[in-house]
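The values are calculated or read from the model by the stated rules, or taken from the named source; none is laboratory data. Because the structure is predicted, anything quoted here is derived from the model rather than measured. Counting neighbours? That spans all protein chains shown, and the Cβs are built from the backbone with ideal geometry, glycine included. Accessible surface areas use protein heavy atoms only, side chains included; no ligands, DNA or RNA. Shrake-Rupley method; radii C 1.70, N 1.55, O 1.52, S 1.80 Å.
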Amino acid sequence: MSDSLRHDDVEVTPSLRVSALIVTYNSVDTITECLESLLPELDTINGEAIIIDNNSKDETVSILESFASNHACIQVESNRVNRGFAIGNNQALKLAHGEHILILNPDTILKAGTLNSLLEELEKSEKIGIVAPQLQFPDGRLQKTCRRFPSHMDVIYNVFGISHYFSDSRRFNGWKMGDFDHKRKREVDQPAGAALMVRGDLLRDLNGFDPNFPMFFNDVDLCKRVKDKGFEIWYLPEYVVEHLGGASIKKVKIKMTLSSHVSFFRYFEKHFTRLHQQPMNFLVGILLYLSLIPRLLILILFKNQNNTKRDTL
């Protein structure tokens, strides 16, 4: 009997429990702490880390190469061009040999025991496709990161500020789950992609992330496809990962704001394909375009201010 299982061109080693996939871009301020927290976790469960650098201009690659030279479980690939988060993760997935996959941002810090706990939760049932921890800011504040899948009306409520004035409403702020207590464990549509434990055979069967969503909504699209296949996604607040939030995005805010609006529209184009849905797709596209103008003006006028929110709409 063979010592490994094959999923298309990916060789999966049964004894290797988890492959952590990290995509870096100018991550010099955060990647050291991230890896220092991850390495003990990988040792505990026999895992590996596959890191793709998207043409960083700072010292990120030097740091990664230093870690790789001292830890056999770390593999680093450096790209000459930045092709985005989705393609970077797919590139890492092709190199991954773990049974399951941890999608991890470089601006995260894992608490001791988190990786093993998430793995145990994922394997409790074959119906579970993804598990996600609670994300917290470095000062301990909880990040409200869970979302329902967006609808056309959610865009309208957000663009016109209705969701802001009725922030606790299931109807008017349902997309951002303003009615949900993020301290409670529950099945959700979509947790943030900063830290996700995904069933390996499922992620490979889905061919990873959709490259048409290079930076934004790739996690939303992935979760939508996971749910469409009949799998459950669980948010587990008892396990905590520290997350700085948007560390790389803040450096190129204008470009990322444009990308987020384009990806939002692409999400509707992909998942709302019936003829009767096309007029609303068109309306949403117009609203996203019009809402982009004041956002870009604000970014230009207040470009030195930080923004730690998950999304730009």
Failed item in (1) out of contact with any helix residue (DSSP H, G or I) (no Cβ under 7 Å at 6 or more places or on another chain); (2) within 30 Å of E120 (Cβ to Cβ), with G161 passing the rest: (2)
- line: By residue number, the members of the stretch 38-71 that are touching an Asp or Glu at 6+ places or on another chain (Cβ under 8 Å), of a type outside the set (D, E, K, R) and open to solvent by less than 20 Å² (accessible area, probe 1.4 Å) are L42, G47, I50, I51, I52, T60, L64
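Please specify each residue of the stretch 96-123 satisfying the condition of being charged (D, E, K, R) and part of a helix (DSSP H, G or I).
Correct list: E120, E121.
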- request: Please work out if R204 is in contact with a strand residue (DSSP E or B) (Cβ under 8 Å, 6 or more places away or on another chain) and open to solvent by 10 Å² or more (accessible area, probe 1.4 Å).
  value: yes
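Looking at the stretch 291-300 only, could you name the residues that are of a type outside the set (G, A, S) and either at pLDDT below 80 or surrounded by 10 or more Cβ atoms within 10 Å (Cβ to Cβ) (or both)?
Of everything in the stretch 291-300, those that are of a type outside the set (G, A, S) and either at pLDDT below 80 or surrounded by 10 or more Cβ atoms within 10 Å (Cβ to Cβ) (or both) turn out to be L292, R295, L296, L297, I298, L299, I300.
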task: Scan the stretch 151-178 for residues that are crowded, with 16+ Cβ neighbours inside 10 Å and part of a loop (DSSP other than H, G, I, E, B) and jot them down.
output: F172, N173, G174, W175, K176, M177, G178
message: Under 8 Å between Cβ atoms, which residue pairs at least 6 apart in sequence (or on different chains) link something in the stretch 111-125 that is over 13 Å from P237 (Cα atoms) with a partner that is surrounded by 19 or more Cβ atoms within 10 Å (Cβ to Cβ) and of a type in the set (D, E, K, R)?
response: A112/E41; G113/E41; L115/E41; N116/E41; L119/R17; L122/R199
- request: Give the residue that is surrounded by the fewest Cβ atoms within 10 Å (Cβ to Cβ), with candidates limited to residues of the stretch 218-253 that are modelled with pLDDT under 95 and among the hydrophobic types (A, V, I, L, M, F, W, C).
  value: V252
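Looking at E77, is it assigned to a helix (DSSP H, G or I) and open to solvent by 60 Å² or more (accessible area, probe 1.4 Å)?
Here the answer is no, as E77 does not meet what is asked.
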Unmet requirement for S66, which otherwise passes all of (1) over 16 Å from the mean Cα position of the chain (by Cα); (2) in a strand (DSSP E or B): (2)
message: If the requirement is being open to solvent by less than 10 Å² (accessible area, probe 1.4 Å), hydrophobic (A, V, I, L, M, F, W, C) and more than 16 Å from the chain's Cα centre (by Cα), which of these qualifies: L122, L104?
response: L122
- request: Enumerate the helices (runs of 4 or more DSSP H) found wholly within the stretch 179-296, keeping only those where 2 or more residues are without any contact (Cβ under 8 Å) to a residue 24 or more places away in the chain and not aromatic (F, W, Y).
  value: 218-228, 253-271
Single unsatisfied condition, G84 versus (1) at negative phi; (2) open to solvent by less than 30 Å² (accessible area, probe 1.4 Å); (3) not acidic (D, E): (1)
